[in-house]
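Report on one structure; see the data block that follows.
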Amino acid sequence: MTQNPSPIAITVSHLRKTYSNVNAVEDVSFVVNEGEIFGMLGPNGAGKTTTVECIIGLRHPDGGAISVLGLDPQVDRDALHLVVGVQLQFSTFPDKLKVSEILDMYRSFYSNPANPEELARALGFGEKLGSYYKTLSGGQKQRVSVALALIGQPKIAVLDEMTTGLDPQARLDTWELIEKIRDRGTTIILVTHSMEEAERLCDRVALIDHGRIIALDAPYGLAEKVTGGKQVRFVPSKAFDDQLLKALPEVKTVEHQGKHVKVVGSGQLINAVILTLAKNGIAALEIHSEGATLEDAFVKLTGRHIHEESKD
Amino acid sequence: MNNTRIKTPQAAFGKLLLNESRLAWRIPIGAGMGLGLPLLLLIVFGSIPAMRQVSSDLGGSSYFALSFPILIVTTVLALSIIVMPRSLIQYRETGILRRLSVTPVPPSSLLAAQIVINLAIVVAGLIILTVAGVTAFGLELPKNFPAFLLAELLTVTSLFALGLCIGAMVKNDGVAQGIGGFLFFALMFFGGIWIPRPLMPAMLLNISNWIPLGSSVDAIQRAMQGLFPSLQSILVLTAYTLVFGYLAVRFFKWE
């Protein structure tokens, strides 16, 4: 059913884009597989949106090559836009059109569109179909925008900051819908600066900073690899020799913080630590375990938090 | 799955046009400025007996009769350089054109829909004005009807090209309103709204002949009297159409 037998949906190689001497994108290469949710995570100004705008043919790259389902976004724009649905940041619609009228118009652009009522219900604005766009809240407008990206039943959906401005429940609903759409075989590119969103949804994540990809992997794999893994903190029932734990293959470091002991490692870290201590007659109390997060990975890689403005 | 082409481009354009009509109906600035204002002026001018007096200074015509071509041009002017550019600029400012440019339907379709809608209002306005002028205020029907239609056509093409040019180049809604307002009154002046063309000093009349509105009013006036538009006015209006049209296409910014 696809024209392209290859499992690769999008290939970006050595993409470069410069705005008035500022390199928005320096050198970005990656591959998106068919049917995956591919995340692009990074602070504002990192080059995520510019990369995506090159992929959907909105901008001319200054260097590199892009292939989307075998199409060149600069040459085959019309063919591309039939199979790629897009949600842009900051796009609005006329105040005096009703939501159903906007959906109905966009629906007419595609040969095999989705049912607008179903889409609206799944995204939680079914009751707003008959209302003027003007009367919608920011979050509802955002969801209309996501619906318009999906109304053509695209093979690839590109969503730029899709849950910005949504309340927690709407975020969860939107995430659920995106997972459902992925399960139907749609490839999704998700641009976000929400760690939580990337961890929850993405099969793979590219961390982007200063126009470059600084890491690319499955969210947890990436976090573990970059930060050195997970950690467990506990209060031992009595003093013990650090070598006891350091000898374990799962353990990397052992550190004393007051009465607490912090052990960093990987794999089945908690089991290994508890069993070893128990064998030696020591109980681990107040156990607290943390997996590495993408946030940790980002801090480790860039030396700052993702919501801090990057200073050049 | 066969999403390899647009279902029918006509269907998509139809929906675009439908939504533009809804907007024109729900926010009736176009109808107000293009239909309401000229109709109001027609009623006011037609109700003042002094304005309907025939005078030899005016070449055997009356102020009222001379104002009719100007009211026709006002309708076209309001929609072409005030209403249409504002819509286009708002569509660009709010990202509507940009959003359309990532669908299978090119954003130029929205431009086309805007032209069609505003033209439709112009045509309705011209019919209402002409019918009202003739039936209610005793204006004579144009003596050379084909010439009358040609003059109106050239008026529409030159002013719509000018309006598209404004919509293409001006980025900001406020600036567009300023430019539109200024041009509206400047062009009306040269068209003869305050000093009818037969009373204009030679130099002013000469300038008026080279200005879009002056040549439009001249062409319509001649058609009313049974004459064909002068070659100069035909050439001037055609030239404005081509030049403004070219500039609009050349410099149109989609974002």
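How high is the relative contact order of segment B:39-196, given as a whole-number percent (alpha carbon pairs under 8 Å, six or more residues apart)?
Value for segment B:39-196: 37 percent.
Which of the aspartates and glutamates could a cross-linker span from A:K17 if the Cα-Cα distance has to be under 13 Å and same-chain partners fewer than 8 positions apart are dropped?
Within the straight-line limit of under 13 Å, A:K17 reaches these aspartates and glutamates: A:E26, A:D27, A:E53, A:D62.
If R0 is 41 Å, what FRET efficiency do you get for A:S237 and A:D167 from their C-beta distance, rounded to 0.05?
Computed FRET efficiency for A:S237 and A:D167: 0.35.
Below 8 Å between Cα atoms, with a sequence gap of 6+, how large is the relative contact order for segment B:22-122 in percent?
32 percent.
To the nearest 0.05, how large is the calculated FRET efficiency for A:E117 and B:W210 if R₀ is 56 Å and r is the Cβ-Cβ distance?
For R0 = 56 Å, the calculated efficiency reads 0.45.
Using a 1.4 angstrom probe on heavy atoms only, work out the carbon and sulfur share of the accessible area of the protein assembly as shown in %.
After summing per-atom areas, the C and S share lands at 60 percent.
At 1.4 Å probe size, with every protein chain present, just tell me what the per residue accessible area of segment A:138-207 comes to in Å².
Value returned for segment A:138-207: 31 Å² of accessible area per residue.
May I ask you to list, by number, the DSSP H helices of chain A whose Cα span along the axis is at least 15 Å and whose average Kyte-Doolittle hydropathy reaches 1.0 or more? Numbers along the way, then the final one.
Working: long enough: A:138-150 (19 Å, 0.20); A:168-183 (23 Å, -0.95); A:269-279 (16 Å, 1.83).
Correct list, ordered by number: A:269-279.
Would you kindly state the longest site-free stretch of chain A, with sites defined as GluC sites (Glu not before Pro) in a DSSP loop (not H, G, I, E, B) surrounded by at most 15 other Cβ atoms within 10 Å?
Longest stretch, sites excluded: A:1-307.
For segment A:148-279, what is the percent of antiparallel DSSP beta bridges, rounded to the nearest 5?
Values: 16 of 21 bridges.
Approximately 75 percent, going by the DSSP bridge assignments.
Can you tell me what share of the DSSP beta bridges in the protein assembly as shown is antiparallel? A percent to the nearest 5 is fine.
65
Using alpha-carbon positions, what is the distance between the centroids of segment A:64-78 and segment A:166-238, in Å?
So the two Cα centres are separated by 28 Å.
In segment A:206-267, which trypsin sites (Lys or Arg not before Pro) fall in coil by DSSP and have 11 or fewer other Cβ atoms within 10 Å? Present the calculation step by step, with values, prior to reporting the outcome.
Values: sites: A:R212, A:K225, A:K230, A:R233, A:K238, A:K246, A:K252, A:K259, A:K262; in loops: A:K238, A:K259.
Those that pass, being in a loop and sparsely packed, are A:K238, A:K259.
By how many degrees, between 0 and 90 and to the nearest 10, does the Cα long axis of helix B:108-137 differ from the longest principal axis of chain B?
The helix B:108-137 is inclined about 30 degrees to chain B.
Counting pairs on different chains as well as pairs 8 or more places apart, how many Lys pairs in chain B have Cα atoms under 27 Å apart?
4
With the crude spin-label approximation of a point 7 Å out along Cα→Cβ, what separation in nm comes out for A:S131 versus B:I179?
Placing both labels 7 Å beyond Cα along the Cβ direction yields 3.7 nm.
Answer rounded, prolate or oblate for segment B:134-218, using the Cα gyration tensor with square roots of eigenvalues a ≥ b ≥ c: rounded when a/c is under 1.5, else prolate when a/b is larger than b/c, else oblate.
Prolate shape, in that a/c is at least 1.5 and a/b is the bigger ratio.
Relative to the present Cα-Cα distance, how much length would full extension add between A:A283 and A:D183 at 0.36 nm per residue of separation?
Value of the extension gain: 31.5 nm.
What value, in deg cm²/dmol to 500, does the helix sum -39500 (n - 2.57) over DSSP H runs of n ≥ 4 give at 222 nm once divided by the residues of chain A?
-9000 deg cm²/dmol
Along the Cα→Cβ direction, 7 angstrom out, place labels at A:R200 and A:S20. What is the inter-label distance in nm?
Each label point is offset 7 Å from its Cα along the Cβ direction, giving 3.8 nm.
Would you grab the residues whose amide H sits under 5 Å from the one on A:V86? Only those 5+ places off in sequence or on another chain, please, with H modelled 1.01 Å from N.
Counting only residues 5 or more places away or on other chains, the set is A:V158.
Mind grabbing the base-10 log of I(q)/I(0) for segment B:46-143 at q = 0.16, 0.22, 0.25 Å⁻¹? Debye formula, identical points on the C-alpha positions, no solvent, two decimal places.
For segment B:46-143, the Cα-only Debye profile gives -0.75, -1.08, -1.24.
Report the paramagnetic label zone for B:F228: residues of segment B:184-213 whose backbone N is under 18 Å from a point 7 Å from Cα along the Cα-to-Cβ axis.
The answer is none.
In terms of modelled amide H atoms, which long-range or inter-chain residues lie less than 5 Å from the amide H of A:N33?
So A:N33 has HN proximity to A:A9.
I'd like the antiparallel share, as a percent to the nearest 5, of DSSP beta bridges with both residues in chain A. The partial results should precede the final answer.
On the way: 36 of 55 bridges.
Roughly 65 percent of the DSSP beta bridges within chain A come out antiparallel.
Taking 8 Å as the Cα distance limit and 6 or more residues as the minimum spacing, I'd like the relative contact order of chain A as a percentage.
Contact order relative to length: 19 percent.
A:K300 versus B:I195, label points 7 Å from Cα toward the beta carbon: distance in nm?
8.2
Please give the total accessible area that chains A and B bury against each other, computed with a 1.4 Å probe and expressed in Å² to the nearest 100. Don't skip to the end; give the middle numbers.
Details: alone 15140 and 12830 Å², together 24890 Å².
What A and B bury together is about 3100 Å².
Report the paramagnetic label zone for A:F90: residues of segment A:190-225 whose backbone N is under 19 Å from a point 7 Å from Cα along the Cα-to-Cβ axis.
Flagged as within label range: A:191-194, A:211.
What is the pair-distance distribution P(r) of the protein assembly as shown, computed from all Cα-Cα distances in 10 Å bins starting at 0, with each bin given as a whole percent?
Bins of 10 Å from zero give 3, 15, 19, 17, 14, 12, 9, 5, 3, 2, 1, 0, 0 percent of pairs.
In debye, nearest 20, what is the charge dipole magnitude of chain A about its Cα centre with +1 on Lys and Arg Cβ and -1 on Asp and Glu Cβ, if you could check? The partial results should precede the final answer.
Numbers: 33 positive and 40 negative charges, 66 e Å.
Dipole of chain A, to the nearest 20 debye: 320 debye.
Exceeding 19 Å between C-alpha atoms, which entries from my cross-link table qualify? They are A:K155/A:K180; A:K246/A:K279; A:K96/A:K141; A:K134/A:K180; A:K225/A:K259.
A:K134/A:K180; A:K225/A:K259
Please work out the FRET efficiency for the pair A:V75 and A:T253, using the Cβ-Cβ distance as r and a Förster radius of 41 Å; give the result to the nearest 0.05.
Here the calculated transfer efficiency is 0.15.
State the answer as a single residue: which of B:F251, B:L139, A:S13 lies farthest towards the positive end of the charge dipole of the protein assembly as shown, with beta carbon charges of +1 for Lys and Arg and -1 for Asp and Glu, about the Cα centre.
Farthest towards the positive end: B:L139.
In the Gaussian network model of chain B, springs joining C-alpha atoms below 10 Å, which of B:S215, B:S47, B:S80 carries the largest mean-square fluctuation?
Most flexible of the set in this elastic network: B:S47.
Counting only Cα atoms, I'd like the Rg/Rh figure for chain A, Kirkwood definition for Rh.
1.07
Mind pulling the angle between the C-alpha long axis of helix B:173-191 and the longest principal axis of chain B? Nearest 10 degrees, somewhere in 0 to 90.
For helix B:173-191, the angle is close to 20 degrees.
Give the long-range amide H neighbours of A:A24: residues separated by 5 or more places, or on another chain, with amide H under 5 Å away, using H modelled in the peptide plane at 1.01 Å from N.
Here the answer is A:K17, A:T18, A:Y19, since their amide H atoms fall under 5 Å of that of A:A24.
The values are calculated or read from the model by the stated rules, or taken from the named source; none is laboratory data. Just so we're clear, the structure is a prediction, and the values are computed from it rather than from any experiment. Glycine also receives a Cβ, built like all others from the backbone with ideal geometry; neighbour counts cover every protein chain displayed. Surface accessibility is based on the protein's heavy atoms, side chains included, excluding ligands, DNA and RNA. Shrake-Rupley method; radii C 1.70, N 1.55, O 1.52, S 1.80 Å.
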